[in-house]
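Please treat every number below as a calculation from the coordinates, not as lab data. Everything numeric here is computed off the predicted structure, so don't read it as measured data. A quick note on method: Cβ atoms are made from the backbone with ideal geometry, for glycine too, and the neighbour counts reach across all protein chains shown.
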């Protein structure tokens, strides 16, 4: 039995606590949050010990690992404290606010020989898992369109959409392609967010001459999460919210000829649905118990942050940036 704690039990942290509470491999020992209302709510639901100060919790409780779901600006401080206490850490995305801070977290985990996993939850969405298995069915891949839009979340004030939302798509694209971008260009807007961008439109060129277009914003009255992958044999469409995967066939494709694209059959691929957070946490627990590599490593989190920073820099300088 792994003795778990959660630091930060607001919106996402409460879900971590819930999943741990219902996991047979886990004892949810304690939670920490300076917001008494959040703390009372989670303690009432799942009966862990509650602490206003995470440091006091880590000093007093016998804990093997922690989930950290605090605002991004506190990631480095909290993660390094927990890692130095010898705790395995599941750290919500993004890994940190800056590349330097991300590297400090990675180095600290290595120094203390504990597991560090970044909460890039979308790679655990069953539709993305199935897409990755089937990606070869497209033949040559030439373009990816990512759309992640929805209403403005007033609780998020320390980061903009690039770091808060586009990191999901940057992680998924790198994950399914096993490739890195060679150049990026981005345009941003700030309409509602008090400090940061709340809309980004980005163009990235990846290795193997694959293009990716990101449309990410907090400005839509409805929530949409979709990914389209185009290739010679057709197009895959992922609906993250419904965990659906469709294949749109290019009826003109044959092994000998690719001179045209015409509409063919549409196939809905059967997906065994499951909450991505539950799968993510199972993966985290598995790497602890089996002493295996993290399935969403700190280094991968740093790479995603590096691209996100490049998008911000591109928008600020109004220029294309090369890797």
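Here are some notes:
- Cα-based Kirkwood hydrodynamic radius, region 252-323, one decimal, Å: 17.4
- Cβ crowding within 10 Å ranks 1, 57 as 1, 57, fewest other Cβ atoms first.
- Residues residue 209 and residue 55, FRET efficiency given R0 of 56 Å [Cβ-Cβ distance, rounded to 0.05]: 0.65
- Estimated [θ] at 222 nm from DSSP helical runs (n ≥ 4, -39500 (n - 2.57)) normalised by residues in the chain, nearest 500: -10500 deg cm²/dmol
- Neighbour counts of other Cβ atoms within 10 Å put 192, 227, 302, 285 in the fewest-to-most order 192, 302, 285, 227.
- Of 119, 286, 301, the one that fluctuates the most in a GNM where the chain has Cα springs shorter than 10 Å: 286
- When DSSP beta bridges are restricted to pairs lying wholly in the chain, around 60% turn out antiparallel.
- Across region 1-150, Cα-Cα pairs farther apart than 18 Å form 61% of the total.
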